[in-house]
Amino acid sequence: MDFCGSTRYTKDMNDGKPAFPEFHNVYIDPTSWNHWKKTGEFRDGTVIVKELTSVGSKEAASGNGYFPGEFNGIAAMVKDSKRFADKPGNWAFFGFESYDAKQGIIQADDACAACHKANAAQDMVFTQYYPVLRAAKPSKK
């Protein structure tokens with residue numbers, strides 16, 4: 001998987017009530033990454049994975065800041081026009097409570113899809129929060 005960005009939602013910035021009080025490290029499969037860099041589009045078959053960790057300490061040997069804490073789970077979205085023809089944008093959403101994909105699979109389509117449809121910058125993906133995706137997107141001539 002190729003790294004495509006990281007976001008963080010902390011209690012300090014959301015009056016102690018963030019929707020997602022965790023770090024999200026986001027990855028995309030290599031074939032889809034190469035397609036994105038060439039076309040600026042997410043191809044059929046794209047897999048995007050979010051690694052979720054709590055917000056850890058604010059102090060470290062390197063200085064003060066927000067650092068990843070404990071593992072919270074994994075979320076994934078898959079674009080497949082055949083398998084998910086009835087889903088918005090042909091994307092399906094999944095959650096995993098463990099690195100072992102056989103444990104704790106949660107399909108979270110409705111809540112995830114509604115938010116992504118209403119707020120995502122492009123094709124159900126929050127490209128506006130991932131500078132690596134924005135930088136790699138080809139400019140239109």
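Observations on the structure shown:
- Flagged links, alpha-carbon separation over 26 Å, of Lys82/Lys140; Lys50/Lys82; Lys37/Lys58; Lys17/Lys58; Lys58/Lys79; Lys38/Lys117: Lys82/Lys140; Lys37/Lys58; Lys58/Lys79
- A simple spin-label model places the labels of Cys115 and Val47 2.3 nm from each other, with each point 7 Å out along Cα-to-Cβ.
- Counting other Cβ atoms within 10 Å as a rough exposure proxy, the listed residues Val47, Val26 run Val47, Val26 from fewest neighbours to most.
Read-outs: derived from the displayed coordinates by stated rules, not from any lab. None of the values given here were measured: they were computed from a predicted structure. Positions of Cβ are generated from backbone atoms using ideal geometry, with glycine treated the same way; all protein chains shown enter the neighbour counts.
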